[in-house]
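See below for the structure under consideration.
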Amino acid sequence: MSDYDDELTRPLEGAAEASAAEGPTSPQVGRDEWVARHGERRSSRGGVLGTIEQRLARVPWWAWLALFVAVICALPGVFESGYVRRVAFDTVVFMLLALGLNIVVGWGGLLDLGYVAFFGVGAYAYALLSSDQFDLHLPTLVVIPLVAVIGGIVGWLVGLPSRRLTGDYLAIVTLFFFQVFLTFTNNGDNIRGHSLTNGPNGILNVDEFELFGWRLPRATSEGLFNVKYLYVALAFFVVVYVALHLLNDSRTGRAWRSLREDPLAAEVMGMPVARLKLMAFAFGAAVAALTGTFATALNGSVFPQNFEFPLLITVYTMVILGGAGSQAGVVLGAVIVSVLLEALRDPGDSRGMFYVLILLSLVAVYRTSLKLGVLVGGTIVFGVVARLVAGAIDDRWTTGPVGESGRLAEWAADWVIVPARLAEWVGPVTYISLVALALLLTLVSGWVRIALLVPTLYLASFVWENVMLPQPESARYIVLGALLVAMMIARPQGLLGEKRVEII
């Protein structure tokens, strides 16, 4: 060997020491350096919170599931109110709907705007098979899996014409299916002289659940909600959750996630993209249809009005808030949204929630800084001065009712301007002004933003007391939308969702 060849094969000076210093994450043959050092790049919280977060992450998923189910099972023993138990049942229904939508949106990455229609298909299928509509009263243990299969088939059929569509085009097709479902159920009372869905009147006198020879009445002898329906729905929730968890860890689950991240790359790698889309539609629709059986059996009836567009927005909010792609996240989102919507029905509870959320948001943004003190103090002073000026001009501007008794209501009446009679133009003008100020806040920073936040917060309180609280049904969804926007700004991936790598 010549001196020239020996020079080419001789390692560079210090190369061996540098390689040893890198440790086990040093570049190796067949091992990507960026992937090998993934653990070093992961951002983790420091301090006590970081330690707690790391230890909680070590708890297996099934332990969290068991604890969660145990808490829900204990609710009837803590709360004897039939209303609270019914809310718990509705929350479990929402949890199942969120799990089904997560298959299509969170795992498959498909924008399905017709998802609630599958929920309706399951509800109507159960009603048709277990009522006097066609004098069919099939056993419950036969109807429930049969309805799930019917829902899966309908989902597969809907996915057939849209398997090559993505994005907005897919959303339009699924939304068209949703509208077809609503039109059919509302006009299904005269199909060639026969009534299939009874139109807007719906299907009544649907059979109750009968499991293993035991009939489950919808209400107890006192007329309260029968908690056994909660336990039945919870048992099916556990089965669906475990099955979907195993499915997510399978080859199909990994293929769905690849389809979500980059459909073109997945197709180039040989994955059956069209078949994966059909499977996502079918599995999601099956879960939604299965959920429809519980709601229909408990209500004893089904109507087209039960499947309007607000329900679709609500389920999507649960998935986005909790974190699309995360099973635990969408379940948590369902619990938060369901409880929040019920809490906002009562003006007293919604008032307290409104002011607490504002205060917590300010603390989360400014923490314990000087700006927080200036902002809170300035807003209080601004409100006191504004109310004194309004009262000096005209007493009728500050003598309006607050609607509820209590210390917080009294404080709001002494701080917020509540006219005895609100002019019709005040509500729209103040609401639009509040939106304009919120948009303006995004264009400024520093102390200018602090100065602008003071009248914005007071205007938000004025709108809440005078416009939102008198209309609690609309206020619920407005607050829900504001919460979702705030969450998307602070944590775009949702509460338990994972951050995605984006190449720009």
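Accessible area per residue (1.4 Å probe, heavy atoms of protein chains only) ranks LEU340, LEU75, LEU246 as LEU246, LEU75, LEU340, with the largest value leading.
A P(r) calculated from all alpha carbon pairs of the stretch 197-325, with 10 Å bins opening at zero, reads 10, 29, 31, 20, 9, 2, 0 percent. At the residue level, LEU360 shows approximately 100 square angstrom of accessible surface with a 1.4 angstrom probe and all protein chains present.
Geometric descriptor of the stretch 349-504, per residue, is 151 Å³ (volume of the convex hull of the Cα atoms).
Helical runs (DSSP H, four residues minimum) scored at -39500 (n - 2.57) apiece and divided by the length of the chain put the mean residue ellipticity at 222 nm at -21500 deg cm²/dmol. Loop-located chymotrypsin sites (Phe, Trp or Tyr not before Pro) across the stretch 198-302 with a Cβ neighbour count of 15 or fewer within 10 Å are PHE212, with loop assigned by DSSP. With an a/c value of 1.5 or above and a/b not larger than b/c for the gyration tensor axes a ≥ b ≥ c computed over the alpha-carbon atoms, the chain is described as oblate. In the context of the full protein assembly, HIS245 retains an accessible surface of approximately 30 Å², using a probe radius of 1.4 Å and ignoring ligands and nucleic acids. Here the chain is treated with +1 on each Lys and Arg Cβ and -1 on each Asp and Glu Cβ, and its dipole about the Cα centre works out to around 360 debye.
Ligands, DNA and RNA are left out, and with a 1.4 angstrom probe the accessible area of the stretch 376-504 is 62 Å² per residue. Counting only protein heavy atoms and a probe of 1.4 Å, the accessible surface of the chain is 65% carbon and sulfur. Using the 1.4 Å probe convention, the accessible area of the stretch 95-213 works out to 44 Å² per residue with neighbouring protein chains retained. Taking each residue as 0.36 nm, the span from ARG55 to VAL381 lengthens on full extension beyond its C-alpha to C-alpha distance by 112.9 nm.
When each full DSSP H helix of the chain is screened for a Cα extent of at least 27 Å along its own axis and an average Kyte-Doolittle hydropathy of at least 1.0, the helices passing are 82-101, 140-162, 167-186, 228-248, 273-299, 347-366, 370-393. Residues GLU261, GLU424 ordered from highest to lowest accessible area at a 1.4 Å probe: GLU424, GLU261. At most 12 other C-beta atoms within 10 Å and a DSSP loop state: those are the exposed trypsin sites (Lys or Arg not before Pro) I care about. Give me the longest piece of the chain that has none. The segment 193-344 is the longest one with no such site.
The values are calculated or read from the model by the stated rules, or taken from the named source; none is laboratory data. Since the structure is predicted, the reported quantities are computational estimates derived from the model, not experimental observations. All Cβ positions, glycine included, derive from the backbone under ideal geometry; neighbour counts span all protein chains shown. Calculation scope for accessible area: heavy atoms of the full protein, side chains included, ligands and nucleic acids excluded. Shrake-Rupley method; radii C 1.70, N 1.55, O 1.52, S 1.80 Å.
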